[in-house]
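**Student:** Just passing along the structure, written as C-alpha cells.
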Amino acid sequence: MKFLAARRRSPLAAVAMLLIALIGIGAGYAVIANARPAEAAAVASSETQVEQGKRLYLEGCSSCHGMQSQGTSQGPTLVGVGAASVDFQVSSGRMPMAMPGAQAVARDPAQYTDEQIAAMAAYVASLAPGPAIPTEEDVNFENADAAQGGVLFRTNCSQCHQAAGQGGALTQGKYAPSLMQVEPKEIYEAMITGPQSMPVFSNATIPTKDKQAIIKYIDTLQTLPDPGGLALGRLGPVPETVFLWTAVFAALIGVAIWIGIKAR
Amino acid sequence: MSDHSSPESHENVPAKLGYSPVADIEHKPRLTDTDPKAARRAERQVATMFVLSILLVIAFVVAYIGIDKSTIVYIPLFGEVGALNFALGLCMGLGVFLIGAGAIQWAKKLMPDTEVVAQRHEMASPEAATEEAEANYQRGKTESGFAQYKIIRRTLIGALALFPIPLVIMLRDLWSTPAGSPSPDAILSKTLWKKGERIVVDGTYVPVKAEDLPVGGLISAVPADLLEVEEAEGNLNARGKAAIIVIRMDPSDIRSQQGDGWDYQGILAFSKICTHVGCPIALYEQRTHHLLCPCHQSTFDLADSGNVVFGPAARRMPQLPIGVDAEGYLVAMSDFAEPIGPSFWERG
Amino acid sequence: MTATSPVEQVGGGVATYVDQRVGSNKFLARNLGKVFPDHWSFMLGEIALYSFIVVLLTGTFLTLFFKPSMVEVLYDGSYVPLKGIKMSQAYASTLDISFDVRGGLLLRQMHHWAALIFIAAMSVHMFRVFFTGAFRKPREFNWIIGVVLVTLGLGAGFSGYSLPDDLLSGTGLQIARGIMQSIPVIGTWMAFLLFDGEFPGTEFISRLYAVHILLIPGLILAMVTIHLMLVWTQKHTQFPGPGRTNDNVVGYPLLPVYMAKAGGFFFVVFGVIALIGGLVTINPIWIFGPFMPDQVSAGSQPDWYIGWLDGALRTMPNWESTLFGFTISWNIFVPAVIIPGIIFTALALYPFLEAWVTGDKKEHHLLDRPRNAPTRTGIGVMALSFYLLLWIGGGNDIIALTFGMSINSITWFLRIALFVVPPIMFVVTRRICLGLQRRDRDKLLHGYESGRILRLPHGEFIEVHQPINAKELAVITGKTDIAPLALPPATDADGVRNKHFHVKKLRAKLSGFFYSENVALPTAAEIEEGQHHAAHDAAIEAPLHAYEDADQINRAHGGVLHHPGMPETNAEQLANDGGHL
C-alpha cells in the first residue's frame, strides 16, 4: 500500500481513479445487460419456436425493423431476408445495434442465446422464404481447393476485405471488417445474405463448392504463418513505411549519434 | 566572414604533416588515455565483438545447413515465423553489425580523439592555369579553323543534330504491330463484348441466368469467349478490358441509365476498370449502390448511370447493355458505347 | 620506429609496384590524412551509400534466381495455397526465391528494406543539406546530382516494386499506365510502345527488368561516383564551432579514425538491414497472389517514396477537359506529372535562385544553422509539410480503417489543408527562427540565464546571468550577416531609365524578404560590454531602481520601498554598509 499511498497525490491518480470507475461501471453494465436475455429464456419454454421468436423480435428488434418487419427509416425490412441473415446478424453480435447506422459492428459475446437466435430466425423465415442457415455439410471445407478459393477470393472478396483479409475502408467511414476471427458459418451466411454494405453472392452464381473453397482460403489466411518475420498487420506498404521511419531510422541515427559523441 | 567567426587563431601553432592540432578546442583526455586498465578493457570489448561476429557467422552456416526451409517457429512478439529466415537474418545481421560496432568502439576509445585542422583552398584554378587553358583553346580554334570555315561548322552542327534520329526511330517496333492493324485509340475503344456474348462468372466461367442474381447481388464477370481468346493471344489484354461487374437492384432504385433499357429487370452491368487510372473496381456497396475504387477512392453511383460522386475520376463508369438469350442466360446486347478505362488523348 | 612485419613488407612492395605504374603514392600522400568533420547528420549520406551497396549485393544475388518473364506457368512450388494456379514466370520465380531457395527470402527482404532505406536516407540527407545551406557555392553541382540521384532512386524503387508481378505490383503498373495515357499528344503512343500494345501485354516485365538492373543502377553508380569525387575535392562542410572557420576543416584524419568510423558504419548499416530482413516481413507477395487485370486488393498502396504521388492523385479534384476533340486529363496529368515536375525542377534550381536573390557569390564551407536563414528554413518546412500532407493522402484508406475515420472526410481535409497548412508553417517557422536569433543575440550580450536566483539586500530578486562558454560563443558567432540588396534607382543620374529596373527591383525585394528581418550579430565591443555585465558581479553593479516608477517595480519584486537619497546601486549600498550586504 505504500506504493499507492505515495502516489495518491500524483496528478495521474485522478485520471487512474476515473478510468477504474469507468471500467467498473462498464463491466457492471455488461453483466446486467447479458443477464437479461437469460432470464427471458426461462419464461419462454412453453411457447413454440416461432412464437418465441416473434416475442423476442417484438421486444428487441421491432423498434427499428417495424412491428410487421416491414422496415422503418431506422432499419430495413426483414421480409425475405431468411433465417441465415438473422443467424449471421444476431450471433455475430451485430444485432441488436445500440444505435442505428450504416456500420454494424460485430460484438462478442452475442446478445442472445443460441436457442433464442434460432427462434428469431425461425420467426423471420416464417414471414417469407429466404436463405436458410447453412448446414454443417455446407460449411465443411475440408475437401475444398484452397488455391481455387484464393482465385475466387481475389476476384470477389479482396477488393473490400483486402488480400490478406485484414479489412478495408468503404465510403463515408464505413468499412469491410477483418476476416481474421470469423467462423466458416459466418462467412457462408454473409455471402448468401449480403449483410449491410456487402452484396449478395448467391448460391446460383458462386455455388456451395466454390463458397467452401473461399472459406478454406480464408481459413488458410487465418492460420498462415509469417515466413518473413514480424507481419506488421499484413496491411501492405503503409505499416512498412511507419516501421521504416520509426524503428529502422531510430536505430541507424542512434548509431550515427553514438559515432559522433566523444568517448569519456 | 566577420571577426568573431574565428575567435581562436592558430598562427603560433607549428604545422605538422599537413594539419595542425586545434589548441583552442577543449580536449579532455578520455579514461582510456589516462587509465591503462580502461584501455585494456576497451581492447577486450572490441576483441569480444569481433569474436562474437566470428561465432555468429559459424552459427549462420550451421543454421543454413541444419534448419529446414519450411520450419515454422513461434517467437514471442514476432508470431509464427519462418525459422530459417529468422535464424539467418539474426546471425548475419548481428554478425555484421558487431564488426561495425567493434571498429567504431576501437576508433572512439583507442584511436586518438584530438581533432585536427586542414586548410581549405579556393576551388577556382590559379590564374596561370586559366590563362594557359585559354591559350590552348585559342590555338585549337585557330588551328582547326572552326571560326573560319563557316560551311563546315554549319554542316557539322546539322549532322550532329540529326545523328540521334536513327536511335530514336528504331524504338518504333517496341510495339510490334502487324501492318494495317488499328491505331491505339481504336484498340482501346473496343472490347470482346458483342451482341449475344454470354456473361460468365469470373473464376468459374459458368453462364448466369437472370434469376441466379438476387437483388443486392454482385458478380464479377467476363465474356464467355475470354478463355479461348486468352489461349489464342497468350496474354491477359482482353481480360483487362472486358472485365465487368453485374449487379441487381430493385428496378425502382434505378434513377437513370446510360441507355434506355440497358438493364434487364434491374440487372445492370458496368465495366470493372476505373475511368481514373484503371484499377479494377468491385467494391460495391449494395445499400447505397456506390462503387468505390480502392486505389484512389473514386466513387460511382451505379443507380445513377454510374456517374462520379466523389474522388478524382472524371468520367462515369461505362455501362454494358445487357439482355437474355433464348435459353435465359444473361448476354451483352452490344459492346460498350464508349471506351472503358482511363482517358487518353485521342479519346475526345 | 616500429618493426615492419612481413605482411607490411609485402604490402609496401605492392604499393611500390603499383605506384611505379600509376603514380598512386602522390594520391595517398595527399589523402590518407584527409580531414573529415564529425557530426551525426553527416552520416545520413553514408547511410544512403551503404544501403545502396547492400541493394547492389542482394540484387545481384536475386538476378541469379529471378526470371523476368510474363510467360504463364502453373505454380508447382512449396507454397501450398497457390499450387496449380496460373501465373507469370516472374511471379513464380519470386515465390521460389521466397520459399524454395534457402536464404532467398532473407535476401529478397534485405533488398527491399535496403531500397526503402536508400531512398529514405537520400531524402533526409537532402533535407540536412538544404536546411544547413550546404548547397551553396561551390556545391551547387553536387546538389543537382543529389536531386538526380533521388529521382533515379524513385525510378529504381518503382521498377523493382513492379517486377514480381504480384497483384499489388501489377496494380501499380496499371496505375502507371493510366498516368502515361494522360500525357497529352504522346501519352497513348508512349504507353503502347512501352507495353508492346495493350495492358498488361507480355513484354513489360522484361523491359522493366533491363531498366531496373542495368540502366538505372548504372546511372546511379556514375552519379554516386561523381558525387563522392566532388565531396572529396571540395572537402566536407562543417558546423560552426571552436577553431572552425570558412577556410579550414576541423575533424579526424581519414587514417585511422575516420576510416574506422565510416567503415564500421558500413557494417552497422549492413547489419541492421540484415537484421530487419530476417526479423520483419516486407512485401509478402504470396499473400497478394499473382497479378490479374480484373482483381484488386483493398488498401493497395505504393511503397513509401511513391506515397506522396499517390496522395496527390487521390486528393486531386476530377477535372478533365476536351479541346478540339482531344482529351486532357488534368485530374491525372497535374498530380502525377506536372506537380512532381515542378517540385523536382524547383528543387534542382533552388541553389541558383537563392544565390541570385541574395547576390551571394562567396564560397561557403561553414554551415548555416537553420535559424540563421529563416526564410530558407521556412520554405523548407513549408515544402516538407506539403509533402507530408500528400503522403497522408497516399495512405488515407489505411488511416481511415485504422482510426475509424471517413476517407471522404480525410480527402476533403487534405484538399483544403494542402493550401492552408504550408503557408502557416512557413510563417510560424520563420518567426521561430527569428526568435531563436534574438535569443542568440541576448545570450551573446547578457550571457545565459543560470537559473540561480540572488536576493539583494533590499529584497530585490535577480537571476544571475553567466557568460556563455567558448564553444557556444563560436557556434553563435559563426554566422554571416548578409545585408539585403538595395532597391535600384528607377533612373540614373542623367534621368535615363534603368535597364531591367523591374527585375532588379524584384530581386531587391526578394533579397529583403530573405534578410531584412535577420537579427545581426552584435559588434565585438557590444559583446565584450555585454559579457562583462553578465559576469557574476553584475548583480552587484546593477542599479537598484533605474525605473520610472520605483515604487511599483520594487513592490513587484517583493522589495523595500525606495526613496530618493537611498543608495542607487548595490555597490553604493555596499559602501554605505561598510562592506556587508
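The values are calculated or read from the model by the stated rules, or taken from the named source; none is laboratory data. This one's a predicted model, so the numbers in the text were calculated from it and none came from an experiment. Here the Cβ is made from the backbone with ideal geometry for all residues, glycine too, and neighbour counts use every protein chain on show.
**Student:** Contact list please: Cβ distance under 7 Å, first residue in the range C:264-280 and more than 7 Å from every other protein chain (Cβ to nearest Cβ) and in contact (Cβ under 8 Å) with a residue 24 or more places away in the chain, second residue among the hydrophobic types (A, V, I, L, M, F, W, C) and assigned to a helix (DSSP H, G or I), pairs at least six apart or on different chains.
**Tutor:** What qualifies is C:Ile273/C:Val54; C:Ile273/C:Met110; C:Ile273/C:Trp113; C:Ile273/C:Ala114; C:Ile273/C:Ile117.
**Student:** Still on this structure: Against the definition (facing chain C (nearest Cβ under 7 Å) and either under 30 Å from C:Ser78 (Cα atoms) or part of a helix (DSSP H, G or I) (or both)), how does B:Leu77 come out, yes or no? Give the steps one after another, and end with the answer.
**Tutor:** Numbers: facing chain C (nearest Cβ under 7 Å): no; either under 30 Å from C:Ser78 (Cα atoms) or part of a helix (DSSP H, G or I) (or both): yes.
No, not satisfied.
**Student:** Which of (1) more than 8 Å from every other protein chain (Cβ to nearest Cβ); (2) touching a residue at least 40 places away in the same chain (Cβ under 8 Å); (3) part of a strand (DSSP E or B); (4) more than 32 Å from the chain's Cα centre (by Cα) is the odd one out, the single condition B:Ile247 does not satisfy?
**Tutor:** Failed condition: (1).
**Student:** B:Ile99 passes all but one of (1) more than 42 Å from the chain's Cα centre (by Cα); (2) of a type in the set (A, V, I, L, M); (3) in the same structural domain as B:Ala39 (by TED's automatic domain parsing); which number fails?
**Tutor:** All conditions are met except number (1).
**Student:** Across the range C:473-491, what is the total count of residues that are crowded, with 17+ Cβ neighbours inside 10 Å, within 12 Å of another protein chain (Cβ to nearest Cβ) and of a type outside the set (Ser, Thr, Tyr)?
**Tutor:** Qualifying residue count for the region: 7.
**Student:** Another question, then. Being among the hydrophobic types (A, V, I, L, M, F, W, C), buried (at least 17 other Cβ atoms within 10 Å of the Cβ), under 27 Å from C:Arg207 (Cα atoms) and more than 10 Å from chain A (Cβ to nearest Cβ) is true for just one of B:Ile199, B:Ile165, B:Ile187. Which residue is that?
**Tutor:** The conditions single out B:Ile187.
**Student:** Which residue, of C:Leu82, C:Leu95, is in the same structural domain as C:Pro284 (by TED's automatic domain parsing) and farther than 30 Å from C:Ile216 by Cα?
**Tutor:** After ruling out the rest, the residue left standing is C:Leu82.
**Student:** Just checking, does the range A:143-155 include any residue being crowded, with 24+ Cβ neighbours inside 10 Å and more than 7 Å from every other protein chain (Cβ to nearest Cβ)?
**Tutor:** Checked against the condition, which is being crowded, with 24+ Cβ neighbours inside 10 Å and more than 7 Å from every other protein chain (Cβ to nearest Cβ), the range A:143-155 yields at least one hit.
**Student:** Here are the criteria: (1) of a type in the set (Val, Ile, Thr); (2) out of contact with any strand residue (DSSP E or B) (no Cβ under 9 Å at 6 or more places or on another chain); (3) more than 30 Å from C:Thr202 (Cα to Cα); (4) in contact (Cβ under 8 Å) with a residue 24 or more places away in the chain. Tell me which single one C:Val22 does not satisfy.
**Tutor:** (4)
**Student:** Another question, then. Within the set of pairs 6 or more residues apart or between chains, which connect a residue that is more than 10 Å from chain C (Cβ to nearest Cβ) and among the aromatic types (Phe, Trp, Tyr) inside the range A:161-188 to a residue that is in a loop (DSSP other than H, G, I, E, B) and surrounded by fewer than 21 Cβ atoms within 10 Å (Cβ to Cβ) with Cβ atoms less than 7 Å apart?
**Tutor:** A:Tyr188/A:Asp138; A:Tyr188/A:Val139
**Student:** Restricting to the range B:310-344, count the residues that are in contact with a Lys or Arg (Cβ under 8 Å, 6 or more places away or on another chain), under 24 Å from C:Phe326 (Cα atoms) and surrounded by 22 or more Cβ atoms within 10 Å (Cβ to Cβ).
**Tutor:** Total satisfying the criteria: 7.
**Student:** Can B:Leu31 be described as over 30 Å from C:Ile476 (Cβ atoms) and at pLDDT below 95?
**Tutor:** In short, yes.
For every residue, the table says whether it meets (1) on the phi > 0 side of the Ramachandran plot; (2) in contact (Cβ under 8 Å) with a residue 24 or more places away in the chain; (3) at the interface with chain C (Cβ under 8 Å from one of its Cβ atoms).
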{"residue": "B:Gln265", "(1), (2), (3)": "yes, yes, no"}
{"residue": "B:Pro280", "(1), (2), (3)": "no, yes, yes"}
{"residue": "B:Cys293", "(1), (2), (3)": "no, no, no"}
{"residue": "B:Gly306", "(1), (2), (3)": "yes, yes, no"}
{"residue": "B:Ala314", "(1), (2), (3)": "no, yes, yes"}
{"residue": "B:Ala326", "(1), (2), (3)": "no, no, no"}
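**Student:** So C:Ala400 fits all but one of (1) within 23 Å of B:Val308 (Cβ to Cβ); (2) in contact (Cβ under 8 Å) with a residue 12 or more places away in the chain; (3) crowded, with 20+ Cβ neighbours inside 10 Å; what number is the exception?
**Tutor:** Evaluating C:Ala400 over (1) within 23 Å of B:Val308 (Cβ to Cβ); (2) in contact (Cβ under 8 Å) with a residue 12 or more places away in the chain; (3) crowded, with 20+ Cβ neighbours inside 10 Å leaves (2) as the failure.
Residues are listed down the side, and each one gets a yes or a no for (1) among the β-branched types (Val, Ile, Thr); (2) modelled with pLDDT of 80 or more:
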position: C:Gly459; (1), (2): no, no
position: C:Val475; (1), (2): yes, yes
position: C:Ala493; (1), (2): no, no
position: C:Lys504; (1), (2): no, yes
position: C:Ser511; (1), (2): no, yes
position: C:Glu526; (1), (2): no, no
position: C:His532; (1), (2): no, no
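**Student:** Could you identify the single residue in B:Ser176, B:Ser220 that is closer than 25 Å to C:Gly289 by Cβ, within 11 Å of another protein chain (Cβ to nearest Cβ), within 29 Å of the chain's Cα centre (by Cα) and not charged (D, E, K, R)?
**Tutor:** The unique qualifying residue is B:Ser220.
**Student:** Also, I was wondering about something else. Run C:Gly289 past the list (1) at the interface with chain B (Cβ under 7 Å from one of its Cβ atoms); (2) crowded, with 21+ Cβ neighbours inside 10 Å; (3) not aromatic (Phe, Trp, Tyr) and report the number of the one that doesn't hold.
**Tutor:** In the conditions (1) at the interface with chain B (Cβ under 7 Å from one of its Cβ atoms); (2) crowded, with 21+ Cβ neighbours inside 10 Å; (3) not aromatic (Phe, Trp, Tyr), C:Gly289 misses (1) alone.
**Student:** Another question about this same structure. Could you check C:Leu95 against (1) without any contact (Cβ under 8 Å) to a residue 40 or more places away in the chain; (2) in contact with a Gly (Cβ under 6 Å, 6 or more places away or on another chain); (3) within 30 Å of B:Ala83 (Cβ to Cβ) and say which number it fails?
**Tutor:** (1)
**Student:** Which of the residues that make up the range C:458-472 are surrounded by fewer than 16 Cβ atoms within 10 Å (Cβ to Cβ) and more than 13 Å from every other protein chain (Cβ to nearest Cβ)?
**Tutor:** Listed by number, the residues that qualify are C:Gly459, C:Phe461, C:Ile462, C:Glu463.
**Student:** For the range C:29-45, indicate whether the set of residues that are within 14 Å of chain A (Cβ to nearest Cβ) and either loosely packed, with under 14 Cβ neighbours inside 10 Å or of a type in the set (Ser, Thr, Tyr) (or both) is non-empty.
**Tutor:** yes
Table: residues versus (1) closer than 26 Å to C:Asp100 by Cα; (2) within 13 Å of chain C (Cβ to nearest Cβ); (3) modelled with pLDDT under 90; (4) assigned to a helix (DSSP H, G or I).
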residue: B:His4; (1), (2), (3), (4): no, yes, yes, yes
residue: B:Ser9; (1), (2), (3), (4): no, yes, yes, no
residue: B:Val46; (1), (2), (3), (4): no, yes, no, yes
residue: B:Ile54; (1), (2), (3), (4): no, no, no, yes
residue: B:Ala59; (1), (2), (3), (4): yes, yes, no, yes
residue: B:Ile65; (1), (2), (3), (4): yes, yes, no, yes
residue: B:Ser70; (1), (2), (3), (4): yes, yes, no, no
residue: B:Ala87; (1), (2), (3), (4): yes, yes, no, yes
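**Student:** Out of everything in the range C:253-263 that is small (Gly, Ala, Ser) and free of Cβ contacts under 8 Å to residues at least 40 places away in the same chain, what residue ends up being farthest from the other protein chains (Cβ to nearest Cβ)?
**Tutor:** My answer is C:Gly263.
**Student:** Restricting attention to the range C:229-239, which residues are surrounded by 14 or more Cβ atoms within 10 Å (Cβ to Cβ) and of a type in the set (A, V, I, L, M)?
**Tutor:** Once the filter is applied, which keeps residues that are surrounded by 14 or more Cβ atoms within 10 Å (Cβ to Cβ) and of a type in the set (A, V, I, L, M), the range C:229-239 yields C:Leu230, C:Val231.
**Student:** Determine if the range A:200-223 includes at least one residue that is part of a loop (DSSP other than H, G, I, E, B) and within 14 Å of chain C (Cβ to nearest Cβ).
**Tutor:** There is no residue in the range A:200-223 that is part of a loop (DSSP other than H, G, I, E, B) and within 14 Å of chain C (Cβ to nearest Cβ).
**Student:** Of all residues in the range B:99-151, which are of a type in the set (A, V, I, L, M, F, W, C) and surrounded by fewer than 10 Cβ atoms within 10 Å (Cβ to Cβ)?
**Tutor:** Of everything in the range B:99-151, those that are of a type in the set (A, V, I, L, M, F, W, C) and surrounded by fewer than 10 Cβ atoms within 10 Å (Cβ to Cβ) turn out to be B:Ala128, B:Ala147, B:Ile151.
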